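J.: Have a look at this one.
The values are calculated or read from the model by the stated rules, or taken from the named source; none is laboratory data. Remember, predicted model here, so these are calculated numbers, not experimental data. Neighbour counts run over all protein chains shown; Cβ positions are idealised from the backbone, glycine included. For the accessible areas, the whole protein counts, side chains as well, though only heavy atoms, and no ligand, DNA or RNA atoms are used. Shrake-Rupley method; radii C 1.70, N 1.55, O 1.52, S 1.80 Å.
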Amino acid sequence: MANNPILYRVLWVDEESDPLGFIPLARKYDLLVTRVGSWQEAKEMLLQQFEDFSAVILDGSCVLNKGEEPTPDFLYQAVREMENIFAQHEENLPWYVLSSGTAEDFSRTIQRITMGERSEMESSWGRVFFRKDDRLESLCETVRKSVAHRIEYKVMRMYRPVFDTLKNYFDAQSTNTMLDILLALHYPETHRNFDPEQNCPIS
């Protein structure tokens, strides 16, 4: 029996149903997208099911509360409240903006919401803004790659004293080997090809 790939859940906030065909495309990249039409719904899901999600995608001008109209203030409020949720869990989820980018002062809005920690995480998470008329494969590839970085960060945080010791007294290869072992231990479904003899040779 073939092994099924693990599916990483992505929370997508957009009042439109999916005219771009993003959800079936993302599935090809092992991303299971849950779309909600307002930030109110998204916030409730993050508060109740934070550990179930691997990334968040926001529309540029969406609905804050169910029954309201989309607002250009959406990104400011959603990002602020999302970062508060991250702080409660002491863990950040990679997040992105998928939008037409036609709103007034949109480039300034993107610049303001990415100041600080989101900017610092760009090397691991990739760029924040993806235009709806671009190749959505690029967004899928970026999100899929960021998930791997998040898993590595999560394991290294769980075993911080171990990795601090390795970095202080051993070489980089020792750190990488320990990370390979712990990733295979905690996430065997994504490391099925891990071979202790090959990946962790005894010198």
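J.: What's the extension gain from S119 to E51 if we count 0.36 nm per residue and subtract their Cα-Cα distance?
T.: Length difference between fully extended and current span is 22.2 nm.
J.: Moving to a separate point now. Using only alpha-carbon positions, what ratio does the radius of gyration of the range 29-127 give when scaled by 2.2 N^0.38 Å?
T.: Dividing the Cα radius of gyration by 2.2 N^0.38 Å gives 1.05.
J.: Which whole-Hz ³J(HN,Hα) couplings does the range 14-22 yield from phi under the Karplus relation 6.51 cos²θ - 1.76 cosθ + 1.60, θ = phi - 60°, glycine and proline marked x?
T.: Karplus values, whole Hz, x for Gly and Pro: 7, 6, 7, 5, 2, x, 8, x, 5.
J.: Using only alpha-carbon positions, what ratio does the radius of gyration of the chain give when scaled by 2.2 N^0.38 Å?
T.: 1.14
J.: Whenever you get a sec, compute what percent of the accessible area on the chain sits on carbon and sulfur atoms (1.4 Å probe).
T.: Looking at the chain in its full context, I get 47 percent from C and S.
J.: I want the local charge near W12. Using Cβ-Cβ distances under 13 Å, sum +1 for each Lys or Arg and -1 for each Asp or Glu among the other residues.
T.: -2
J.: What does the charge dipole of the range 150-189 about its Cα centre add up to, to the nearest 20 debye, if the Cβ of each Lys and Arg holds +1 and the Cβ of each Asp and Glu holds -1?
T.: Computed about the Cα centre, the dipole is about 200 debye.
J.: Label-point separation (nm) for D133 and D180, each offset 7 Å from Cα along Cα-to-Cβ?
T.: Taking the simple label geometry, D133 and D180 are separated by 4.7 nm.
J.: Please give the calculated 222 nm ellipticity per residue for the chain, where each DSSP H segment of at least 4 residues contributes -39500 (n - 2.57) and the sum is spread over every residue; nearest 500 deg cm²/dmol?
T.: Only helices count here, giving -14500 deg cm²/dmol.
J.: Evaluate the charge dipole of the chain about its Cα centre and quote only its size in Debye, nearest 20, assuming +1 on the Cβ of each Lys and Arg and -1 on the Cβ of each Asp and Glu.
T.: The dipole magnitude comes to about 340 debye.
J.: For a quick check: with amide H placed at 1.01 Å from N, whose amide H comes under 5 Å from Y96's, ignoring anything fewer than 5 positions away on the same chain?
T.: The list, which skips near neighbours in sequence, is V56, I57, L58.
J.: To continue, here is another question. Which ³J(HN,Hα) values, rounded to whole Hz and listed in residue order, are derived for the range 49-61 from phi using the Karplus coefficients 6.51, -1.76 and 1.60 in 6.51 cos²θ - 1.76 cosθ + 1.60 with θ = phi - 60°, glycine and proline given as x?
T.: 9, 3, 5, 7, 9, 10, 6, 10, 10, 10, 6, x, 9
J.: Still on this structure, I have one more. Please tell me which of these pairs span more than 29 angstrom C-alpha to C-alpha: K132/K154; K66/K154; K43/K132; K43/K154; K28/K132?
T.: With Cα atoms farther than 29 Å apart: K132/K154; K66/K154.
J.: Counting other Cβ atoms within 10 Å, which GluC sites (Glu not before Pro) in the range 1-98 have at most 16 and lie in a DSSP loop?
T.: For GluC sites (Glu not before Pro) across the range 1-98 that sit outside H, G, I, E and B with at most 16 neighbouring Cβ atoms in 10 Å, the list reads E16, E68, E90, E91.
J.: Still on this model: Please work out the Cα center distance from the range 61-107 to the range 126-169, rounded to the nearest Å.
T.: Value for the Cα centre distance between the two parts: 21 Å.
J.: Are there trypsin sites (Lys or Arg not before Pro) in the range 66-154 that DSSP puts in a loop and that have at most 14 other Cβ atoms within 10 Å, and which ones?
T.: Passing both the DSSP loop test and the Cβ count: K66, R127, R135.
J.: Say each of L20 and K145 gets a label point 7 Å from the Cα, pointing the same way as Cα to Cβ; how far apart are those two points in nm?
T.: 1.8
J.: With +1 assigned to the C-beta of every Lys and Arg and -1 to the C-beta of every Asp and Glu, and no other charges, what is the dipole magnitude of the range 32-80 about the Cα centre in debye, to the nearest 20?
T.: So the magnitude is around 40 debye.
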